[in-house]
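First up is the structure itself, then whatever we jot down about it.
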Amino acid sequence: MLRGLMQERPLLVSSLIEHAARCHPQAEIVSRTSEGPLHRCTYADICRRSRQVANALTALGVVPGERIATLAWNGYRHMELYYGVSGMGAVLHTINPRLFPEQIEYIVRHAEDQFLFFDLGFIPLVEKLAQAVPGVRGFVVMTDRAHLPVCDIPGLLCYEDLLGAASDAYDWPQFDEHTASSLCYTSGTTGNPKGVLYSHRSSVLHAWAACAVDGLAIGVAETLLLVVPMFHVNAWGMPYAGAMSGARLVMPGPALDGKSVYELLRDEQVTLALGVPTVWRMLLQHVDGAGLKPRDELCLRRVVIGGSSAPRAMTEAFANTFGAFVVHAWGMTEMSPVGTVCNLLPKHEDYTFEQRLDIQEKQGRAVYGVEMKIVDDQGERLPQDGQAAGHLLVRGPWITSGYYRDEGGGIVDADGFFDTGDVATIDLDGYLQITDRSKDVIKSGGEWISSIALENAAVAHPAVAEAAVIGAAHDKWQERPLLVVVRKPGEALTRETMLEFLQGRVANWWIPDDVAFVDELPHTATGKLHKLRLREMFKDYRLPSA
Ligand code: ADP
C-alpha cells in the first residue's frame, strides 16, 4: 500500500466553531431565553464565549474525558457548552429533562457527571436531584447574577460569573478525532436508559452529511428553527451543521406550544424548521384554531420531520397551508441520528401532488455513510423490492458500536451491523419505509400488520387529533388491531364512521376490529407514542370479535 500525502488534521468539534468564527462571524443565533426576552448573538460570540467556557472548566479542575451534564432548553448558552465542553476534550452529557426524576438520577450517576449546568426553569428538579447525586462536584445555573435565584442547591455557581472571570484566549487542544465528544442516553422505554457516546469524528462527519444537498441541505441561506431539543440527539446535529454552514439558528427555549413556535417562524423569517410530529400537531392546531394565513406571513420553505412517522395528512397540511415541503427523515439516538432523508428524485418532478405524497410517506434514502439491510427472523437478507418487510440493520461511521460502559453487551453482528429494532421495506430506488418497531408489529394470522400505516390513515380523518394502534389478543388470529383515538375538541366521531373512513385506505384485512376513544395518549420523553404503556392500559380489554 502506498500511503497518501494529505495532511492529517483531526476532525474536531472545535474546528467547526473556529470555522464559523472565521467564515461567517456575523451569522446570527437567536434565542428565546428562560429569563424572558429574545437574545441575539453571532457565531463569533459563541466561539469567543465557548473559549471562556473551556477556561472556566479548566479553572474548576475539569480534565479531558470527564462528563459535564446539561439540563437545558435550546439556547445560546447551551450552544456555548456544546463547543466549550467538547472542545476542551471533556464530554457533554445532555440530559432529557422529561425523563422521570429516577431516570435522571440514574443516568447522572451512571455517566459520573462532574458538573451539571441547568436552566432557571429546572431549579425545582435540580434541588431534589442534588441530594441524590453526591458525585457531582458543582451545579451551575445558566443565567447572570441579576437573575440568580434563591434556592436550596449546595455550592450553586452562576454561569455568567464563571464566564466573566475567564479569559477568551484559548488554544483548542488537538487530539485523536475518535475521542468522545458528547453523550446522550436513549429514553429507555424498557429497562434503564443506555448511553450513546459520540466522537468528534462522528459528529463532524454527521454534520457534513446533514449539510449535503441530498441530506438536509443546511446552508448559509437558511434560517433554521431548532424545535428539536438540544438534549435529543444533539438537536439532530444542527448546532454542528449550523457552524459548518453558517446557517442562521433560531432557538425556541422552553416555549414549544403552537403559538410560540408560530411567532418565531413569522418574526424571525424561518426557512427551515426541524422537529417531531407532536410539536407540528400543536402548530397545525394553533394555525387552524386561530384562522392564521401562514402562506402570507411566513417564508417557511421546508419542515424536517423525524422521530416518528410523518403522517400523510401532516405533509399535505404543510404543503397546502404553509406552502412548505416536508422532508421526512429517519434515524435514532444510536445513529447521531440521521440515517435516511426523503428528498425527491428528478423523475418525481412529473408526479402529481398525490403521487409525491406517496413518496413523502416514506422515510427516504440513506445518506452516504449509512449502509442499510433488511433481514428476516433468521438473519437472511430480504430483497429491496418495496414489498418485503424485515428487521432493519445499519452500519456506518456515525452509528454506535456499543453502549456506554458496555450496557447491553455486544450490539453489532459479525459484519458490524447494528439492529435498529425497526421493521422496514426498501424499494428499488433505495427509499426506506418504516412499517413498525419490531415490538409493535401486529401479528395477525401469521402476517404482519403495520401499526404506523394504520395510525397515519386514521389521523387523515379531520376529526382525529391523534391515533395509536396496538395488537389485542384474538383466539383465532393471535392478534388483531385495536385503534385508539383522541378526537379533536368538539368532534363527535363514532366507531362506525372511523372504520368506514379506513375502508379503501388500507388493506381490508388490516381494518381494526375495534376503536376506543380516549382523552389523551401516553407519550415517551421524546414525544413518541408510548405503546408499552398503551398496551398496559388496554391489557384487560377484550375485542368484540375475539
Ligand atoms: P428514543 O430515545 O425515543 O428511542 P430515538 O429518536 O432514538 O428516540 O428513536 C428512534 C426510533 O424512532 C427509530 O428507531 C424509529 O422507530 C423511530 N423513528 C424515527 N424517525 C422515524 C420516522 N421518520 N418514521 C417512523 N419512525 C421513526
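Decide, for segment 212-265, between rounded, prolate and oblate: order the square roots of the alpha carbon gyration tensor eigenvalues as a ≥ b ≥ c, take rounded if a/c falls under 1.5, and otherwise choose prolate if a/b is larger than b/c, else oblate. Please list the in-between numbers first.
Details: a/c = 2.25, a/b = 1.56, b/c = 1.44.
Cα axes put segment 212-265 in the prolate bin.
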Q: Calculate, for residue 58 and residue 266, the FRET efficiency according to 1/(1 + (r/R0)^6) with r their C-beta to C-beta distance and R0 51 Å; round to the nearest 0.05.
A: 0.75
Q) Which distance in nm do the two modelled labels at residue 5 and residue 22 give, with both placed 7 Å along the Cα-to-Cβ direction? A) 2.3 nm
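State the extension gain, in nm to one decimal, for the chain segment bounded by residue 447 and residue 419, taking 0.36 nm per residue of separation less the distance between their alpha-carbons.
Details: separation 28, 0.36 × 28 = 10.08 nm, distance 2.14 nm.
Computed gain between residue 447 and residue 419 is 7.9 nm.
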(Q) Only bridges whose two residues both fall in the chain count here: according to DSSP, what percent of them are antiparallel, nearest 5? (A) 55 percent
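Go ahead and run the numbers for FRET between residue 288 and residue 376, Cβ-Cβ distance against an R0 of 56 Å, rounding to 0.05. If you can, show how the numbers build up before the last one.
Working: r = 43 Å, r/R0 = 0.77.
Using R0 = 56 Å, I get an efficiency of 0.80.
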**Q.** Computed accessible area, residue 509, all protein chains, 1.4 angstrom probe, square angstrom
**A.** 110 Å²
Q. For labels at residue 301 and residue 39 in the simple 7 Å Cα→Cβ model, what's the distance in nm?
A. 3.0 nm
(Q) Could you give each residue of segment 113-120 its phi-based ³J(HN,Hα) in whole Hz, using Karplus coefficients 6.51, -1.76, 1.60 with θ = phi - 60°, and x for Gly or Pro? (A) 5, 9, 9, 10, 9, 8, 7, 3
Q | Where labels lie 7 Å past Cα in the beta-carbon direction, separation of residue 321 and residue 537 in nm | A | 2.3 nm
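With the full set of protein chains in place, find how many percent of the accessible area of segment 13-199 is carbon and sulfur; take the probe as 1.4 Å. Numbers along the way, then the final one.
Numbers: 3720 of 6960 Å².
That fraction is 53 percent.
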Q) So what are the ³J(HN,Hα) numbers for segment 225-233, from phi and the Karplus equation (6.51, -1.76, 1.60; θ = phi - 60°), rounded to whole Hz, Gly and Pro as x? A) 9, 8, 6, 5, x, 6, 9, 10, 6
Q.
Under 5 Å between amide hydrogens, which residues at least 5 positions from residue 181 or on another chain qualify, with H placed 1.01 Å from N in the peptide plane?
A. 198, 199, 200
(Q) Could you tell me the ratio Rg/Rh of the chain? Both radii from Cα atoms, Rh via Kirkwood. (A) 0.97
Q: Compute the length gained on full extension between residue 494 and residue 131: take 0.36 nm times their separation in residues and subtract their Cα-Cα distance, giving the result in nm to one decimal.
A: 125.6 nm
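Just round it to a whole percent: the fraction of Cα-Cα distances in segment 13-199 exceeding 23 Å.
Numbers: 6972 of 17391 pairs.
Of the Cα pairs, 40 percent sit more than 23 Å apart.
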**Q.** Long-range amide H partners of residue 474 with built H, under 5 Å
**A.** 479, 480
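If you count the DSSP beta bridges with both ends in segment 442-537, what percent of them are antiparallel, to the nearest 5?
Values: 15 of 20 bridges.
That works out to approximately 75 percent antiparallel.
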Q.
What are the ³J(HN,Hα) couplings of segment 428-442, residue after residue, when phi is run through the Karplus curve with 6.51, -1.76, 1.60 and θ = phi - 60°? Round to Hz, x for glycine and proline.
A. 4, 7, x, 6, 8, 10, 7, 9, 5, 7, 4, 7, 9, 4, 9
Q) So how tilted is helix 76-87 from the main axis of the chain? Cα-based, degrees 0 to 90, rounded to 10. A) 70 degrees
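Equivalent ellipsoid semi-axes for segment 256-438, as square roots of 5 times the alpha carbon gyration tensor eigenvalues: give them largest first, rounded to whole Å. The partial results should precede the final answer.
On the way: eigenvalues 220, 77, 33 Å².
Equivalent-ellipsoid dimensions as semi-axes: 33, 20, 13 Å.
Among DSSP beta bridges lying fully in segment 1-150, give the percent that are antiparallel, nearest 5.
Details: 5 of 18 bridges.
Percentage antiparallel, nearest 5: 30.
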Q: With the full set of protein chains in place, find how many percent of the accessible area of segment 442-537 is carbon and sulfur; take the probe as 1.4 Å.
A: 49 percent
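Ratio to report: Rg/Rh of segment 406-538, with Cα atoms as the point set and Rh obtained by the Kirkwood method; give two decimals.
Details: Rg = 16.5 Å, Rh = 16.3 Å.
Ratio of gyration radius to Kirkwood radius: 1.01.
Note the full-extension length gain between residue 220 and residue 519 as 0.36 nm times their separation in residues minus their Cα-Cα distance, in nm to one decimal.
Computed gain between residue 220 and residue 519 is 103.3 nm.
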Q: Round to the nearest 10 and give me the degree value, 0 to 90, for the angle of helix 200-211's Cα axis relative to the longest principal axis of the chain.
A: 60 degrees
Q: Measure nothing but the geometry: give the 0 to 90° angle between the long axis through the Cα atoms of 258-267 and the longest principal axis through the Cα atoms of the chain, rounded to 10°.
A: 60 degrees
Q.
Using a Cα-Cα cut-off of under 22 Å, which lysines could be cross-linked to residue 293, ignoring same-chain neighbours fewer than 8 residues away?
A. 259, 488
(Q) Which one, 364, 299, 432, projects farthest toward the positive side of the charge dipole computed for segment 256-438 from Cβ point charges (K/R +1, D/E -1)? (A) 299
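Going from most exposed to least, what order do 436, 385 have by accessible area with a 1.4 Å probe?
Working: 436 0, 385 70 Å².
Largest to smallest exposure gives the sequence 385, 436.
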Q) Once the mean 1/r over all distinct Cα pairs of segment 183-337 is inverted, what Kirkwood radius in angstroms do you read off? A) 15.9 Å
**Q.** Sequence of 368, 170, 351, 403 when ordered by accessible area, the most exposed leading, probe 1.4 angstrom
**A.** 368, 351, 170, 403
Q | Estimated FRET transfer efficiency when R0 is 35 angstrom, pair residue 161-residue 190 (beta carbons, to 0.05) | A | 0.25
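As a test of the formula, what do you get for the chain when each DSSP H run with n ≥ 4 contributes -39,500 (n - 2.57) and the sum is divided by the residue count, at 222 nm and rounded to the nearest 500 deg cm²/dmol? Show your work: numbers first, answer last.
Numbers: 17 runs with 156 residues, N = 546.
The helix-only estimate for the chain comes to -8000 deg cm²/dmol at 222 nm.
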(Q) Run the reach check for residue 476 against lysines, Cα to Cα strictly under 21 Å, same-chain hits fewer than 8 apart removed. What comes back? (A) 439, 443, 539
(Q) Classify segment 13-123 from the C-alpha gyration tensor, please: rounded if a/c falls under 1.5, else prolate or oblate depending on whether a/b exceeds b/c. (A) oblate
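Pop out the carbon and sulfur fraction of the accessible area of segment 256-438 as a percent, whole number, probe 1.4 Å.
Details: 3540 of 7630 Å².
About 46 percent, which is the carbon plus sulfur part of the accessible surface.
The values are calculated or read from the model by the stated rules, or taken from the named source; none is laboratory data. Worth saying up front: this structure is predicted, and the values here are computed from it rather than measured. Cβ atoms come from the backbone with ideal geometry, glycine included; neighbour counts cover every protein chain shown. Surface accessibility is based on the protein's heavy atoms, side chains included, excluding ligands, DNA and RNA. Shrake-Rupley method; radii C 1.70, N 1.55, O 1.52, S 1.80 Å.
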